[in-house]
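So the structure is just underneath, and the comments pick up after that.
The values are calculated or read from the model by the stated rules, or taken from the named source; none is laboratory data. Fair warning: this is a prediction, and the values are worked out from it, not measured in the lab. Because the Cβ atoms are built from the backbone with ideal geometry, glycine has one as well, and the counts that use them run over all protein chains shown. What goes into the accessible areas is simple: the full protein's heavy atoms, side chains included, and nothing from ligands, DNA or RNA. Shrake-Rupley method; radii C 1.70, N 1.55, O 1.52, S 1.80 Å.
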Amino acid sequence: MSVHENALNQIYRAASLAGISQDVLDILSIPMREVRVSIPVKMDNGEQRIFEGFRVQHNNWRGPYKGGIRYHNNVDLDEVKALATWMTFKTAVAGIPMGGSKGGVTVNPKELSEGELERLTRGWTRAMHGVIGPEIDVPAPDVNTTPREMAWIADEFGHPAVVTGKPIEAGGSEGRGVATATGGYYVFDKLRDRLFVDPEMGTIAIQGFGNAGRIFAGLCARHELKVIAVSDSSGGVYNPEGLDITALQNHKDSTHSVLDFEGAENITNEQLLELECGVLVPAALENVITEENAARIKAKVVLELANGPTTPEADDILFEKGVQVVPDVLANSGGVTVSYFEWDQNMKGEHWSEEDVDAKLKELMHGAAEEVWARKLKYSTDLRRGAFILALERLDSARR
Ligand code: NAD
């Protein structure tokens, strides 16, 4: 099954429970617009290389299209279509007035100099003239793109509101860097009592110690939740009594790895996923909980900070085992929510304080978590289908 078919499968499974009309599903099965461009770039050695770029605009019933731009060798139209589809659902679950899109360039950015990357990014922006725009479609960072690339896009286009995830000095929002983890924490906090039969099970294992995982670990520590294991691409560390997260962050900064942390046992990423714990937080890669290992997952709750960490087959196994999966479209929607705040500030010529951004984020995340939980109860289903049902209801109502 292609990634796009996989995304559609998730939508159909939810729609069949909630009686969503076939007309709506037919429209949501096909992006509203798919754009493919070629971008000629003068390389540092004087030669020209032509790169392939994409923008897929899935749906804009609820507002301007919104979605990141990814630089990766594996970027192709099918992947971008799937990611754009998920964005429509994520913005609808979060309750922000935006639609869903995604973009990308097929490139290994590590092979390009900074100057070549800048010319590529500016070339993509020029090629997307008339396709993106503050009231049309607003890109943001994704895999291998950062605030630096967003600043180039804003500069080339000539308006800060054309893109989000910019550096603060180029019109970025306070709180964007911590938004995904903070939003995930607010969702977890709202649902915590309902997810845990036994509050003593509040131990946390986190896969990934980058933007999402590391900040989430810090938030857990601040709220006196016991983080017993974390990992990065080199492997993991485990201490059933809890890890000192500040010391671990310092250790990672000085050694570039979480391994060999004092007082903790080194474990593999596979072992981390299968630990006895309350909450397992995949915050690194997609497809890490699969048909192969789902039966061995011992966590009571899986909080998906990563995009697509659980395959549909694994989802069914976890549901049967009674493991609650808080889906990515809800758990990591804090990032796109603060992206929307950034766009809103740029459109109004405002700059909100970190406290304001945090308060608005908390309100939206708590609201989204409540609404998803209500759908889960109403349709006796899992939280993923509950989230997709909520999004479908909101999309259908916007259409009408
Ligand atoms: P990041 O690059 O900052 O961090 C990724 C982490 O994963 C790093 O610690 C890396 O060492 C680790 N990792 C890489 N390969 C691994 C492996 N094989 N096993 C275990 N760990 C591995 O990325 P991020 O921004 O934290 O994003 C992580 C996930 O969260 C992605 O799925 C991303 O799509 C999702 N997400 C992030 C945001 C955001 O705002 N940062 C928003 C929504 C979703």
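A few points about this structure:
- In the condition set (1) under 24 Å from the mean Cα position of the chain (by Cα); (2) open to solvent by less than 10 Å² (accessible area, probe 1.4 Å); (3) of a type in the set (A, V, I, L, M), V178 is compliant with all but (2).
- Those strands (runs of 3 or more DSSP E) lying entirely in region 213-324 with at least 1 residues away from the ligand (no atom under 11 Å from the Cβ) and open to solvent by 10 Å² or more (accessible area, probe 1.4 Å): 226-232, 235-238, 265-267
- Boolean, S333 is within 12 Å of the ligand (Cβ to nearest atom), closer than 23 Å to H4 by Cα and of a type in the set (S, T, Y): yes
- Single residue of region 338-359 satisfying the filter (free of Cβ contacts under 8 Å to residues at least 24 places away in the same chain and among the small types (G, A, S)) that is nearest to A140 (Cα to Cα): G349
- The residues in region 150-200 that are without any contact (Cβ under 8 Å) to a residue 60 or more places away in the chain, touching a Leu at 6+ places or on another chain (Cβ under 9 Å) and outside any helix (DSSP H, G or I) can be counted, and the count is 1.
- Test for K360: is it more than 16 Å from the ligand (Cβ to nearest atom) and under 19 Å from the mean Cα position of the chain (by Cα): yes
- Residue count for region 123-141, restricted to those that are surrounded by fewer than 23 Cβ atoms within 10 Å (Cβ to Cβ) and either acidic (D, E) or in a helix (DSSP H, G or I) (or both): 4.
- Filter result for the condition that a residue is in the same structural domain as P109 (by TED's automatic domain parsing) and farther than 21 Å from M98 by Cα, over G63, G68, G53, G19: G53
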